[in-house]
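Report on the structure given below.
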Amino acid sequence: RSFNLYKYIILLVIISIISISCNGKEINNIIVQTNKADISNNNNRDDIKVSTSKLTSKEYEVLINKGTEFPFTGDLLDVKSDGVYTCKLCGNLLFKSDAKFNSGTGWPSFDDAVAENIKLVKDGCRVEVSCAKCGGHLGHVFYNEGFTDKQTRYCINSVSLNFVNKAEFEETNDSTNK
């Protein structure tokens with residue numbers, strides 16, 4: 001009897017955790033606010049086809065098939081240099097290095113994003129993060145976990161990103177703004 005009671009208590013705890021983490025109203029408000037800028041998104045599909053042909057099988061699995069790389073295996077997990085993170089598929093600016101933090105979860109984590117360059121889509125109890133320009137799958141975003149004051153953790157696959165160091169990024173932006 002005590003074993004059945006133990007299983008029942010465990011089940012209740014699991015259901016409680018799931019219901020707390022799936023705060024639908026809050027998630028829907030965030031998705032609506034983020035996706036307002038995504039109403040007119042006319043991609044050049046030929047450019048995307050060319051880009052996908054240059055991806056490794058692992059990159060293709062994550063960016064196109066919405067897979068997930070294994071934790072603690074990504075090349076960008078431990079990068080601490082100043083710079084920016086761009087979409088591997090289209091080069092869209094997504095995250096800045098000052099928003100990156102070590103969550104201990106095994107994937108690069110950010111507490112802020114370039115909001116107009118990402119798209120959030122409800123994915124069951126989670127919220128998927130994808131590139132607003134090309135639609136490439138980046139990872140998921142989680143709220144209210146307590147990692148940072150912003151209460152936001154973008155959990156992003158390394159294979160979805162390119163890192164561009166600050167000097168190179170500034171040089172590229174200076175030459176395109178002339």
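Can you tell me which residues in the stretch 91-102 are in a loop (DSSP other than H, G, I, E, B) and open to solvent by less than 40 Å² (accessible area, probe 1.4 Å)?
Of everything in the stretch 91-102, just one residue is in a loop (DSSP other than H, G, I, E, B) and open to solvent by less than 40 Å² (accessible area, probe 1.4 Å), namely Asn92.
Take the stretch 101-127 and flag every residue that is basic (Lys, Arg) and either under 22 Å from Thr52 (Cβ atoms) or free of Cβ contacts under 8 Å to residues at least 12 places away in the same chain (or both).
Lys119, the sole residue that qualifies.
Those residues that are open to solvent by less than 10 Å² (accessible area, probe 1.4 Å) and touching a strand residue (DSSP E or B) at 6+ places or on another chain (Cβ under 9 Å), I need them from the stretch 135-158; list them, please.
Gly136, His137, Leu138, Gly139, Val141, Ile156, Asn157
Being in contact with an Asp or Glu (Cβ under 7 Å, 6 or more places away or on another chain) and modelled with pLDDT of 95 or more narrows it down to one of Ser130, Ser103, Ser158, so name that one.
Ser158
Which numbered condition trips up Lys66, out of (1) under 21 Å from the mean Cα position of the chain (by Cα); (2) modelled with pLDDT under 50; (3) open to solvent by 60 Å² or more (accessible area, probe 1.4 Å); (4) closer than 15 Å to Lys119 by Cβ?
Result: Lys66 passes all but (2).
Here is a list: Thr86, Thr105. Which entry is within 15 Å of the chain's Cα centre (by Cα), of a type in the set (Ser, Thr, Tyr), under 23 Å from Leu63 (Cα atoms) and open to solvent by 20 Å² or more (accessible area, probe 1.4 Å)?
Thr105
Just give me the residues in the stretch 123-177 being part of a loop (DSSP other than H, G, I, E, B), more than 14 Å from Leu89 (Cα to Cα) and small (Gly, Ala, Ser), in sequence order.
Gly124, Gly146 - these are the residues of the stretch 123-177 that are part of a loop (DSSP other than H, G, I, E, B), more than 14 Å from Leu89 (Cα to Cα) and small (Gly, Ala, Ser).
Would you say Asn117 is among the polar types (S, T, N, Q) and open to solvent by less than 70 Å² (accessible area, probe 1.4 Å)?
Yes.
The values are calculated or read from the model by the stated rules, or taken from the named source; none is laboratory data. Computed from a predicted model, the values in this text were never measured in an experiment. Positions of Cβ are generated from backbone atoms using ideal geometry, with glycine treated the same way; all protein chains shown enter the neighbour counts. In case anyone asks, the SASA skips ligands and DNA or RNA and just uses the protein heavy atoms, side chains included. Shrake-Rupley method; radii C 1.70, N 1.55, O 1.52, S 1.80 Å.
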